[in-house]
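Novice: If you scroll down you'll find the structure; I have some questions about it.
The values are calculated or read from the model by the stated rules, or taken from the named source; none is laboratory data. Since this is a predicted model, take the numbers as computed values, not measurements. As a convention, Cβ positions derive from the backbone with ideal geometry for all residues, glycine included, and neighbour counts pool all protein chains shown. Keep in mind that these areas ignore ligands, DNA and RNA; they rest on the heavy atoms of the full protein, side chains included. Shrake-Rupley method; radii C 1.70, N 1.55, O 1.52, S 1.80 Å.
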Amino acid sequence: MKQKIGILSLGCPRNLVDAEEIAGRLKAKKYSLVEDLSKAQVVLVNTCAFIREAKEESIEAILDLVELKKQGRIKKIIVCGCLAQRYRDLFKELPEVDAFVGAPEPGEPKGRFALTPRHYAYLKICEGCLNRCSYCVIPEIKGPLKSRDEESLLRQARLFNRQGISELNIIGQDITGFGVDRAGKSLLPELLRKIIGATPDIDWIRLLYLNPERVSDELLELIASSARVCKYIDLPVQHINNRILKMMHRGADREKISALVKKIRKIIPGVCLRTSLIVGFPSETEEEFEELLDFVRDTGFERLGAFIYSREEGTPACRFKGHIPRRIKQERFNRVMSAQQEIAGKINSGFLGKIIPVLIEEKKGADYLGRTQYDAPEVDGVVYIKSGRVLKPGEFIRAEITDTLEYDLVGVDKQK
Ligand code: SF4
């Protein structure tokens with residue numbers, strides 16, 4: 001009798017897709033997979049090693065499993081993903097772990113074992129990265145960009161369509177790089193057009209991780225003109241000061257980023273613009289940080305995530321001079337996030353009284369949790385919904401917004 005396997009996936013949605021791929025292959029080999037880890041005999045933990053906090057979270061998860069194994073509650077521990085890929089000698093530190101395996105080779109998943117709620121899915125269109133940002137370990141872990149085969153992607157998209165999902169999230173390290181390794185130019189608009197055609201029953205298609213260097217007018221116009229593509233642009237810019245952007249080896253400078261933000265807002269009116277920033281990069285001066293803070297205030301991003309620079313061995317930035325004390329990095333992080341809290345609150349108050357489509361995620365007590373097209377799963381806000389009827393995850397409703405919080409909305413179901 002094959003042992004019951006439980007999967008714990010940490011880190012980003014790209015990692016989650018890897019875990020789903022491993023699960024699909026185990027299922028194809030007739031292993032029984034359990035969602036409740038307490039029922040598992042073998043636990044596979046899919047780790048993340050992007051920055052310090054992520055590594056700590058992965059190690060903690062492994063040590064918790066080691067404890068369960070000592071208590072005889074699980075039999076085997078398998079560690080996979082970025083931590084195992086990056087630290088090949090990890091087995092010396094963790095002899096209680098039965099196996100360390102790297103990330104699965106990208107390929108067409110064999111059957112889908114969803115680790116996401118059934119009503120949304122991620123489609124990872126490429127592996128590795130085209131860029132070499134000086135602070136980032138991903139190219140070292142995942143290697144150069146490898147675009148997945150278009151036909152295999154369309155088959156997977158059609159499968160998701162047949163499975164009746166409500167939302168398809170298109171992901172990669174930098175999805176604008178899709179096709180550059182084959183055609184020398186981004187083939188993302190072409191692929192998106194074909195995915196739209198192949199998924200007539202999927203209500204929302206969302207693009208995540210667009211590098212500002214390769215966002216084309218063609219792509220923006222396609223997003224603007226397609227009713228089922230979320231008016232949501234996830235554009236990590238990381239910083240805005242040209243000296244820092246240069247040291248980060250980011251292709252787009254201040255002028256290019258500012259012009260692109262203006263263009264996006266013009267081509268896609270009412271767009272939700274999300275970005276990610278790094279604060280405390282080596283040698284970042286107070287003036288350069290102030291420039292970033294002003295940029296945040298002037299631009300008014302609808303969604304913003306900030307990260308404290310994490311010194312990662314093996315990256316070029318690790319050897320740069322002028323590393324900044326943790327205390328100052330933390331203080332800069334707090335200043336960016338409190339500025340954003342104010343901005344987000346103001347933007348959210350604009351929804352008061354509006355009636356908008358909401359995707360129901362789950363029941364929460366007597367009410368429901370949902371998302372708007374401006375909220376990506378797991379990272380953005382939610383809508384608290386009061387309804388007089390029974391709603392199902394994956395169902396769309398029209399909600400009237402009755403109250404607004406900094407990051408979340410409160411609304412009532414308009415269809416009794
Ligand atoms: S775009 Fe830069 S930060 Fe993002 S995965 Fe690639 S190298 Fe890392």
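Novice: What nm value, rounded to one decimal, do you get for the distance between ARG319 and LEU68 when each label is placed 7 Å out toward the C-beta?
Specialist: So the two model labels end up 4.2 nm from each other.
Novice: Would you work out what percent of the accessible area of the range 339-416, with all protein chains in place, is carbon or sulfur (probe 1.4 Å)?
Specialist: Values: 2180 of 3980 Å².
Solvent-exposed carbon and sulfur of the range 339-416 make up 55 percent of the total.
Novice: Another question, then. Just check the chain against the gyration tensor rule for me: Cα atoms, a ≥ b ≥ c as the square roots of the eigenvalues, rounded for a/c under 1.5, and otherwise prolate or oblate depending on whether a/b exceeds b/c.
Specialist: Details: a/c = 1.39, a/b = 1.08, b/c = 1.29.
Because its axes are fairly even, with a/c under 1.5, the chain counts as rounded.
Novice: Among 398-407, 175-184, what's the highest-first ranking by average C-beta atoms within 10 angstrom per residue?
Specialist: 175-184, 398-407
Novice: In whole Hz, with x marking every Gly and Pro, tabulate ³J(HN,Hα) for the range 269-277 from phi via Karplus 6.51 cos²θ - 1.76 cosθ + 1.60, θ = phi - 60°.
Specialist: Each residue of the range 269-277 in turn: x, x, 5, 9, 9, 10, 9, 10, 10 Hz.
Novice: Could you tell me what percent of the accessible area of the range 191-292 is made up of carbon and sulfur, with a 1.4 Å probe and every protein chain present? All intermediate terms of the calculation are to be shown ahead of the outcome.
Specialist: On the way: 2020 of 3710 Å².
Ligands and nucleic acids excluded, carbon and sulfur reach 54 percent.
Novice: Under a 5 Å amide H to amide H cut-off, with H placed in plane at 1.01 Å, what residues pair with PHE307 once short-range neighbours are removed?
Specialist: Answer set, sorted by chain and number: LEU277, ILE278, VAL279.
Novice: If amide hydrogens are placed 1.01 Å from N in the peptide plane, which non-local residues have theirs closer than 5 Å to the one on VAL229?
Specialist: Counting only residues 5 or more places away or on other chains, the set is ILE205.
Novice: Right, next: Under a point spin-label approximation (7 Å from Cα along Cα-to-Cβ), what is the ARG182-GLU362 distance to one decimal in nm?
Specialist: Going by the 7 Å Cα→Cβ label model, 3.7 nm.
Novice: Next question. Work out how much length ARG155 to SER216 would gain on full extension: take 0.36 nm times their residue separation and subtract the Cα-Cα distance, in nm to one decimal. If you can, show how the numbers build up before the last one.
Specialist: Details: separation 61, 0.36 × 61 = 21.96 nm, distance 2.58 nm.
Additional length available on full extension: 19.4 nm.
Novice: Now a separate question. Roughly speaking, to the nearest percent, how much of the range 18-73's 1.4 Å accessible area is carbon and sulfur?
Specialist: Details: 1580 of 2930 Å².
Taking all protein chains in place, the range 18-73 shows 54 percent carbon and sulfur surface.
Novice: May I pose another question? As a check on your grasp of the helix formula, calculate [θ] at 222 nm for the chain: sum -39500 (n - 2.57) over DSSP H runs of n ≥ 4, divide by the residue count, round to the nearest 500. List each step's numbers first, then the result.
Specialist: Numbers: 13 runs with 144 residues, N = 416.
Computed mean residue ellipticity for the chain: -10500 deg cm²/dmol.
Novice: Another question, then. Which cross-chain or sequence-distant (5 or more) residues have an amide H under 5 Å from the amide H of LEU33, H modelled 1.01 Å from N in plane?
Specialist: HN-HN under 5 Å from LEU33: ILE5.
Novice: Shifting gears a bit: Per residue, how much accessible area does the range 4-100 show when a 1.4 Å probe rolls over the protein heavy atoms, in square angstrom?
Specialist: Numbers: 4770 Å² over 97 residues.
Per-residue value: 49 Å².
Novice: Here is a further query. Pick from ARG158, ARG88, ARG228 the residue whose mean-square fluctuation is largest in a GNM of the chain, springs joining Cα atoms under 10 Å.
Specialist: ARG88
Novice: In the Gaussian network model of the chain, springs joining C-alpha atoms below 10 Å, which of TYR87, TYR135, TYR120 carries the largest mean-square fluctuation?
Specialist: Result: TYR87 has the largest fluctuation of those listed.
Novice: Which value, in Å² and to the nearest 10, is the accessible area of ASP217 when all protein chains are kept and the probe is 1.4 Å?
Specialist: We get 70 Å² for ASP217.
Novice: As an exercise, use a Förster radius of 25 Å and the Cβ-Cβ distance of ASP98 and HIS249 to find the FRET efficiency, rounded to the nearest 0.05.
Specialist: Working: r = 39 Å, r/R0 = 1.55.
After rounding, the FRET efficiency stands at 0.05.
Novice: As a test of reading the structure, rank MET248, MET337 by solvent-accessible area (1.4 Å probe, protein chains only), most first. The partial results should precede the final answer.
Specialist: Values: MET248 0, MET337 45 Å².
These residues rank, largest area first, as MET337, MET248.
Novice: Rounded to the nearest 0.05, what FRET efficiency is calculated for ARG389 and LEU352 with R0 set to 30 Å and r the Cβ-Cβ distance?
Specialist: On the way: r = 24 Å, r/R0 = 0.79.
The calculated FRET efficiency here is 0.80.
Novice: Where does each of 346-358, 159-171 land if you order them by average Cβ count within 10 Å, highest first?
Specialist: Values: 346-358: 15.4, 159-171: 19.2.
Ranking, from highest mean packing down: 159-171, 346-358.
Novice: Also, I was wondering about something else. Kindly identify the range 4-100 as rounded, prolate or oblate by the Cα gyration tensor criterion: order the square roots of the eigenvalues as a ≥ b ≥ c, call it rounded if a/c is under 1.5, otherwise compare a/b with b/c, prolate if a/b is larger, else oblate. Intermediate results must be reported in sequence, preceding the final value.
Specialist: Numbers: a/c = 1.71, a/b = 1.14, b/c = 1.50.
Oblate, since a/c reaches 1.5 and b/c is not below a/b.
Novice: Rolling a 1.4 angstrom probe over the protein chains, ignoring ligands and nucleic acids, what is the accessible area of PHE50 in square angstrom, nearest 10?
Specialist: The accessible area comes out at roughly 70 Å².
Novice: Separation between the GLU60 and ARG88 pseudo-spin-labels, each 7 Å from Cα along Cα→Cβ, expressed in nm?
Specialist: A separation of 3.0 nm, rounded to one decimal place.
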